[in-house]
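A.B. asks: Have a look at this one before I ask anything.
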Amino acid sequence: MKQRFDIIRHRNWFFLLSGTITVVGLIVFLVSGFNLGTDFKAGSRVQLTLHQPVNVTQVRQMLEQANLSVGQNAITVAGTQRNTAVVRFPEVLTQQQIQTIQNLEQKTFHSNESQADTVSPIVAQQTSRKAIWAVLLASLFIVGYVSIRFEYRFAVAAIVALLHDAFIVMAAFALFRLEIDLTFVAAILTIVGYSVNDTIVIFDRIRENQKIAKPRSFEELERMVNKSLWQTMSRSINTVITVLIAAVLLYLFGGESIHNFTLALIIGLVSGAYSSIFIASPIWVLWKGRQFRKGPQKRARTEQQPG
């Protein structure tokens with residue numbers, strides 16, 4: 001039989017890698033926090049649809065005439081001809097301020113096709129709460145499904161892998177100060193669904209091999225799971241490559257409005273394939289292997305007792 005890399009025996013290296021990323025992510029969270037969009041905090045979003053290519057400096061100069069200042073990354077120029085500018089304000093604009101922006105747009109760019117959206121503090125708070133509940137409920141149902149189909153150890157290992165994937169994506173967005181909006185939540189839920197699907201395929205193969213040759217020691221359990229991982233490796237790699245091709249093409253040609261969504265997908269897809277193989281299965285092995293380690297100790301105590 002061809003000798004393959006023993007993933008399970010080298011699990012500590014993968015745990016160390018994920019642990020390092022987790023620590024770096026926590027540091028980023030504490031130092032920078034998230035760049036929340038207007039979906040999750042009070043503010044206004046103004047989209048200027050112009051008839052000529054523009055740059056960030058031109059838009060900023062126009063806003064300064066209205067005595068409006070925005071952050072460094074608050075202005076985004078999009079469109080195939082770079083003729084659409086999106087401006088995010090941290091405060092809720094009044095109707096008079098919106099009218100002033102429209103007048104300056106007409107005067108500066110000879111266009112009057114701006115659209116303004118505002119989010120009040122109450123709506124932003126409700127949206128944030130609903131987004132958190134959506135992710136929590138999705139995780140809860142996944143735990144229930146995996147527990148019923150497999151066992152609770154598989155369910156916990158799958159959830160740890162899902163949290164790992166979500167955390168990696170959030171850390172990347174916090175590090176690069178990318179905006180988090182409702183499309184980001186949609187991306188997280190999509191990643192969760194994809195990742196658990198890949199994990200379940202691996203767990204199903206582990207369960208089948210466990211029925212064929214039930215491990216009687218921790219070493220046999222390691223060999224069985226490593227064999228299962230390599231039996232599903234080509235499927236996992238081919239699946240993630242196929243989906244990644246679609247996600248990368250969407251990122252390159254899908255337009256500015258879905259850039260963050262597709263970028264979150266790309267990061268999450270790679271992390272999901274990694275965690276299903278190198279995180280979820282080793283966690284299950286460690287937990288399941290405790291019964292083999294307790295078995296000999298229990299037998300030894302029984303033999304030491306006087307007959």
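A.B. asks: What FRET efficiency comes out for A138 versus N103 if R0 is 45 angstrom and r is the Cβ-Cβ distance? Round to the nearest 0.05.
C.D. replies: Step by step, r from the Cβ atoms, then E = 0.50.
A.B. asks: Determine the calculated [θ] at 222 nm for the chain from helices alone, applying -39500 (n - 2.57) to every DSSP H run no shorter than 4 residues and normalising by the residue count; nearest 500 deg cm²/dmol.
C.D. replies: So the calculated ellipticity at 222 nm is -23000 deg cm²/dmol.
A.B. asks: Students often get this wrong: which residues of the range 231-255 have the backbone nitrogen under 16 Å from the point 7 angstrom along Cα-to-C-beta of I212?
C.D. replies: From the range 231-255, the list is 231-235.
A.B. asks: In the range 270-291, whose amide N lies under 19 Å from the spot 7 Å out along Cα-to-Cβ of L244? List them in ranges.
C.D. replies: 270-280
A.B. asks: Also, I was wondering about something else. Could you state the angle between the C-alpha long axis of helix 95-109 and the longest principal axis of the C-alpha atoms of the chain, as a value from 0 to 90 degrees rounded to the nearest 10?
C.D. replies: Approximately 70 degrees, to the nearest ten.
A.B. asks: How far, in degrees from 0 to 90, does helix 290-304 lean away from the longest principal axis of the Cα atoms of the chain, to the nearest 10?
C.D. replies: Helix 290-304 sits at roughly 30 degrees to that axis.
A.B. asks: Moving on to the next point. To the nearest 20 Debye, how big is the dipole of the chain about its Cα centre, given +1 on the beta carbon of each Lys and Arg and -1 on that of each Asp and Glu?
C.D. replies: It comes to approximately 1860 debye.
A.B. asks: May I pose another question? Specify which labelled value, from (i) 20.1; (ii) 21.5; (iii) 22.6, agrees with Kirkwood radius over Cα pairs in Å derived from the coordinates of the model shown.
C.D. replies: Entry (iii).
A.B. asks: Ok, one more. Positive end of the dipole of the chain, charges at C-beta (+1 Lys, Arg; -1 Asp, Glu), about the Cα centre: which of L93, L244, V46 has its Cα farthest in that direction?
C.D. replies: Checked the options; the winner is L244.
A.B. asks: Right, next: Kindly express, to the nearest 10 degrees and within the range 0 to 90, the angle between helix 11-31's C-alpha long axis and the longest C-alpha principal axis of the chain.
C.D. replies: 30 degrees
A.B. asks: Let me ask something else. Given points 7 Å out from each Cα along the Cα-Cβ axis, report the F176 to Q126 separation in nanometres with one decimal.
C.D. replies: In this crude spin-label approximation the distance works out to 3.3 nm.
A.B. asks: Follow-up question, since we're still on this one. Could you give the nm distance between label points at F5 and I258, where each point is 7 Å from its Cα heading toward the beta carbon?
C.D. replies: Each label point is offset 7 Å from its Cα along the Cβ direction, giving 3.3 nm.
All of the numbers you see were taken from the coordinates with simple rules; none came from a lab. None of the values given here were measured: they were computed from a predicted structure. All Cβ positions, even for glycine, are placed from backbone atoms using ideal geometry, and neighbour counts span all protein chains on display.
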